[in-house]
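A quick write-up on the structure given underneath.
What follows draws every value from the coordinates through simple rules; no lab data is involved. Predicted model, so just to flag it, every value in this text is computed and none were measured. All Cβ positions, glycine included, derive from the backbone under ideal geometry; neighbour counts span all protein chains shown.
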Amino acid sequence: MKSVFISGISGSIGEQTLEVLNNEYFKNNFHLIGGSVFSSWGKLKKIIDKYDLKAVAVVDDSISIPETYNNCKIFKGLKSVENSIEYCKPDITLVATSGFSGIKHTIKAIEVSKRVCLANKESVVCGGNFIFNYAKQYNCQIVPIDSEHSAIFQLLMGEKSTPTKIILTASGGSLRDLPIEELENVSVQRVLNHPVWSMGKRITIDSASMVNKGLELFEAFYLFNVRDVEVAINRTSRIHSMVQFSDGVIKMHYGIANMKIPIAFSLSYPERKYTYGSPDLFSDKIEFYKVDYERYPALQLAYSILGNPVLQNAFNAADEVAVEYFLKDSIKFTDIYKVLEYTVNQMATLSSRNKIFDFKEIDDILKIDKNSREIAKKYIMEVIK
Ligand SMILES: NC(=O)c1ccc[n+]([C@@H]2O[C@H](COP(=O)([O-])OP(=O)(O)OC[C@H]3O[C@@H](n4cnc5c(N)ncnc54)[C@H](OP(=O)(O)O)[C@@H]3O)[C@@H](O)[C@H]2O)c1
């Protein structure tokens with residue numbers, strides 16, 4: 001039995017992981033040992049009731065919570081996730097925390113676990129090679145969960161040749177058919193209505209703006225060490241990504257759009273142990289479309305900073321801030337891109353002035369995130385609002 005800790009256990013990926021763990025094979029081979037939330041104590045309590053957990057973490061310390069519950073130790077506060085991972089020492093940590101704060105959980109997970117199943121793309125986006133070098137140092141395996149990266153990871157298993165190109169697929173998000181001139185005044189609810197995937201709020205907004213595809217572009221670059229990464233729209237999300245080789249051959253990963261499949265694969269890798277329905281080969285049309293950068297300017301911005309971890313970090317921080325304001329209805333959907341562009345440009349000037357182009361320490365990563373958030377917030381308060 002392998003022990004598993006899930007950070008972000010109350011979220012979309014966290015809950016789907018619990019469903020996977022209920023599947024026959026996984027029930028008999030994996031044992032949930034702990035998990036963490038930001039503030040969803042109600043959900044966490046139910047999980048503790050159901051599973052025999054060693055420890056959990058609740059980051060928000062403003063909630064009144066006991067020290068233990070049903071023999072499960074409860075860590076609280078800012079470092080609670082790292083402390084609970086350290087205490088549980090799981091064989092596998094599945095990092096499904098949303099946002100930049102997940103990077104600290106990934107780092108702790110690398111230190112104590114043999115495998116990190118990584119849904120939190122921000123860990124790679126904001127840290128660049130730092131995370132992979134760190135994992136090498138601790139002899140820890142990183143297996144991606146993002147459906148596109150899981151697909152590429154699977155396509156390259158046993159492959160001796162390096163691909164010349166990676167092709168990431170995209171659904172186009174919830175606003176893909178909305179006339180461009182209507183994007184400015186689109187409501188939050190409309191953006192949250194994704195045509196294919198059911199996900200957390202930020203990633204759903206980011207799919208509509210293709211900021212998410214930008215983050216995935218960065219993630220693919222560091223995970224697979226391939227610079228030529230193209231994006232193709234596949235509206236049905238049947239093709240989860242592709243790899244192309246020097247002879248022009250393209251290998252595609254075809255399957256049903258359901259995150260439980262890559263989650264399960266990350267746990268059972270290198271074997272496939274999850275059972276799920278198959279796609280209808282004869283009724284699903286497979287079509288690809290080019291990206292319209294007028295509709296998705298954030299993806300173009302992402303291409304312009306690919307391989308620069310400092311600016312990628314700023315891109316992510318600005319987006320986290322902008323999406324938070326958009327969700328509160330305080331800025332418009334199209335303002336998200338303006339915040340990103342401004343923050344990245346400001347950080348480009350600052351980093352070249354201070355000659356910071358890469359990260360040696362986690363503190364450097366945290367510092368760039370903090371500065372970028374300040375730039376983004378100031379811009380929203382002084383220019384946009
Ligand atoms: N959802 C998908 O289909 C999907 C697909 C590919 C990749 N991903 C990636 O997976 C990650 C999780 O996405 P999601 O959609 O599952 O997000 P989500 O539904 O918003 O869930 C986020 C989880 O993280 C916790 N959390 C949030 N902020 C935290 C903090 N500061 N400290 C500790 N825990 C915190 C939340 O706890 P509370 O419930 O208490 O707020 C919740 O458990 C993201 O990086 C996303 O890009 C998601």
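Worth a mention:
- Total formal charge among the other residues, if their Cβ is under 13 angstrom from that of ILE92, Lys/Arg +1 and Asp/Glu -1: +3
- Percent of alpha-carbon pairs separated by more than 28 Å within the chain: 45 percent
- With the convex hull drawn around the C-alpha atoms of the range 169-283, the volume per residue stands at 154 Å³.
- Entry note, the range 74-152: relative contact order of 27 percent, from Cα contacts under 8 Å with a spacing of 6+ residues.
- For the range 188-214 and the range 58-113, distance of Cα centres in Å: 27 Å
- Summarising the amide proton neighbourhood of LYS2: residues at separation of 5 or more, or on other chains, whose placed amide H is nearer than 5 Å comprise PHE30, HIS31.
- Between amide H atoms placed 1.01 Å from N, distances below 5 Å from GLU230 occur with ILE166, ILE167, LEU168, all of them 5 or more places distant or on a separate chain.
- Couplings 3J(HN,Hα) of the range 57-72, computed from phi: 9, 10, 6, 6, 8, 7, 8, 7, 9, x, 6, 9, 8, 6, 6, 9 Hz, in residue order, whole Hz [Karplus 6.51 cos²θ - 1.76 cosθ + 1.60, θ = phi - 60°; x for Gly and Pro].
- Grouping the Cα pair distances of the range 296-362 into 5 Å bins from zero gives a pair-distance distribution of 4, 18, 27, 23, 16, 9, 5, 1 percent in increasing distance order.
- Over 20 Å (Cα to Cα) - which of LYS2/LYS54; LYS338/LYS385; LYS121/LYS201; LYS104/LYS377; LYS165/LYS251 fall in this group: LYS104/LYS377
- Taking θ as phi - 60° and the Karplus parameters 6.51, -1.76 and 1.60, the scalar couplings of the range 237-254 work out to 6, 8, 8, 8, 2, 9, 10, 10, 10, 4, 7, x, 5, 10, 9, 10, 9, 10 Hz in sequence order, x denoting glycine and proline.
- Residue-span extension gain [ILE356 to TYR303] - 0.36 nm each, minus C-alpha spacing: 17.1 nm
- Considering every alpha-carbon pair of the range 2-144, the percent of pairs per 5 Å bin, from zero through the bin containing the longest distance, is 2, 11, 22, 25, 20, 12, 6, 2, 0.
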